[in-house]
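Asks: One structure, as structure tokens, below. Some questions next.
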Amino acid sequence: MSRLTREEVAHVAHLARLRLSEAELERFTEQLGRVLEHATDMNELDLEGVEPTAHPFGLINVVRADQVRASLSRDEVLAQAPDVKDGRFAVPRILGEAP
């Protein structure tokens, strides 16, 4: 794999709409180059017979069975709300404004 160039990092930064200083370009070129070298090293591993995994441990989600249960009525829920309008929760139009 060819070495990552400063121009390639500048191009990616431009695509991501990032403004990088000269010092940042130098630092990120070196750091990203090391990451890519490590990825290349990983490609050279012999993984014959190794199954792909998303996690190193065999995790199983533990969830309870879905059971239909009684819940609060609409009136009970709305009675606990700080402000109600037309049978719905009333909230400020813009975060931080009073209703």
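The values are calculated or read from the model by the stated rules, or taken from the named source; none is laboratory data. Because the structure is a prediction, the values reported are computed rather than measured. Note that we place each Cβ from the backbone using ideal geometry, even for glycine, and neighbour counts take in every protein chain shown.
Asks: Go through (1) of a type in the set (Phe, Trp, Tyr); (2) outside any helix (DSSP H, G or I); (3) touching a Leu at 6+ places or on another chain (Cβ under 8 Å) for Phe28 and report which single condition fails.
Replies: With respect to (1) of a type in the set (Phe, Trp, Tyr); (2) outside any helix (DSSP H, G or I); (3) touching a Leu at 6+ places or on another chain (Cβ under 8 Å), Phe28 is out only on (2).
Asks: Arg88 fails exactly one of the following numbered conditions: (1) surrounded by 10 or more Cβ atoms within 10 Å (Cβ to Cβ); (2) within 22 Å of Ser2 (Cβ to Cβ); (3) more than 23 Å from the chain's Cα centre (by Cα). What is the number of that condition?
Replies: (2)
Asks: Check the stretch 66-79 and report whether any residue there is surrounded by 10 or more Cβ atoms within 10 Å (Cβ to Cβ), touching a Lys or Arg at 6+ places or on another chain (Cβ under 9 Å), at pLDDT 90 or above and on the phi < 0 side of the Ramachandran plot.
Replies: yes
Asks: Could you say which residue among Leu78, Leu72, Leu36, Leu47 is of a type in the set (A, V, I, L, M) and within 30 Å of Arg6 (Cβ to Cβ)?
Replies: Working: Leu78 fails: within 30 Å of Arg6 (Cβ to Cβ); Leu72 fails: within 30 Å of Arg6 (Cβ to Cβ); Leu47 fails: within 30 Å of Arg6 (Cβ to Cβ).
Only one candidate qualifies: Leu36.
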